[in-house]
Amino acid sequence: MRGGGFPAYHFVVLLLGCFPASLFALRSLASRSEEKGVQRDMRLWMIILLGVVLVLFSLVRSKIVHYSSLAYFPLTYLAALALEKMSSKSWRLSPFFRFAIALIGFLYFVVSVALVALGRTPEWLYKLTASDPFARANLEAVVDWPLFAYLPSLLALVLLLAFQLIYHRRPVKALNILFLGQALWVQLALFFFIARVEAISQRAHIEFFQSVADEDAGKTTYKFKSYVPMFYGEVQPESAGSAQLWDRTQELQRTTYISVKEGRQEEFEREWPDAERLYSKNGFHFYRRAAARSEQP
C-alpha cells in the first residue's frame, strides 16, 4: 500500500496483525512499572523504540506493512512482561481487555468466513469492482475454495470461546490456549488462504516473469511498482534500473518485457506502438519490446 494513506495505518496493522501480543503490550503500558535496575531501563528503551517507530512511520508518506516491523520486538517484549505478571497472578485482565480480545478474535472469525465465502461465490464482488477493471479481471482467475478452507474460521471461534470460558477459573491455561491457538491459526491461514489470494491478485504476473527469467533482457512494469519483475524475473542488481519505459530520454539497448495492468493497455500501446503484445491473463497484459537497433556506419 502506497501513497498518503491513513495516518494511523501502522497502529492498526500492529494491533490486528500482532494480536494477541499487541493487547498485552497495551496492558503493560497501562500499568505502572514495577521493574528495577536493568529491567526497568530495558522496558523504558522498548517503549521509546516502539514510540519512535510508530511516530516516524506514521509521518512518512508511504504506508507499507513492512515499515513498522521494527516495532515487533518492543511490542512482544512488553507483552511478555505482562504475561509474566499474569502467570505470577500479580496482574489480571480487566473487562475492557477481555472485551478487546473478544472483539478482535471475532473479527478474525468474520474475516476468515468472508474470505472463503467470497472466494466460493466471486459474483458477489462483481458489483463492487464494476468501476475497477483491474480488480474485475483479477476475479476471473480460476481458484478452488473447498469447504474445508473454513477450518481456520472454526478454530478462531473455538479459541475465542475457550479463552472467555476458562479465563476466570484458569487464567494461565486460558492464555496458553489463546497464544498457542493463534499461532496455529496463522499456520492454517498461510496454508488455506495465502496461495489462493496470491492466485487471484498476482499469480499471472509472477508466472510471466518466471517464464522469461533465463533471458538476458530487461523486465519491468508500466506505471505501477512491483518487485515481481526483479525477484521472479531474476534481474541482476547492475541492470535493475535499465528500462524505465516512461523515461523517453533513455534508449533501450536490449529486448525488454513489460507488464501492464488492465485499463492501461491502450495508453501503453499509444505510447509504445513498437511493443509486441504477447498475451493477457487475469488483469495483466504482457508485452515485449525489441532492442533498439543502432545505425551501421
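Just so it is clear, none of the values below were taken in a lab; they were calculated from the coordinates. Since the structure is predicted, the reported quantities are computational estimates derived from the model, not experimental observations. Counting neighbours? That spans all protein chains shown, and the Cβs are built from the backbone with ideal geometry, glycine included.
Quick look at the numbers
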| item | result |
| --- | --- |
| Loop-exposed trypsin sites (Lys or Arg not before Pro) per DSSP, neighbour cap 10 Cβ within 10 angstrom, longest uninterrupted part of the chain | 170-224 |
| Tail beyond 20 Å, pair distance distribution of region 1-91 (Cα, percent) | 37 percent |
| Descending semi-axes in whole angstrom, ellipsoid equivalent of region 45-147, from the Cα gyration tensor | 38, 22, 11 |
| Residue-averaged [θ]222 nm for the chain, counting only DSSP H segments that reach four residues, each worth -39500 (n - 2.57) | -16500 deg cm²/dmol |
| Semi-axes of the equivalent ellipsoid for region 92-201, Cα gyration tensor, largest first, Å | 34, 14, 10 |
| Contact order relative to length of the chain, as percent, for alpha carbon pairs under 8 angstrom and 6 or more apart | 14 percent |
| Those lysines that a straight Cα-Cα span of less than 18 Å connects to Lys89, excepting residues fewer than 8 apart in one chain | Lys173 |
| Rg over Rh, two decimals, the chain (C-alpha only, Kirkwood Rh) | 1.08 |
| Paramagnetic reach from Glu84 in region 37-71 [backbone N under 18 Å; point 7 Å along Cα→Cβ] | 37-50 |
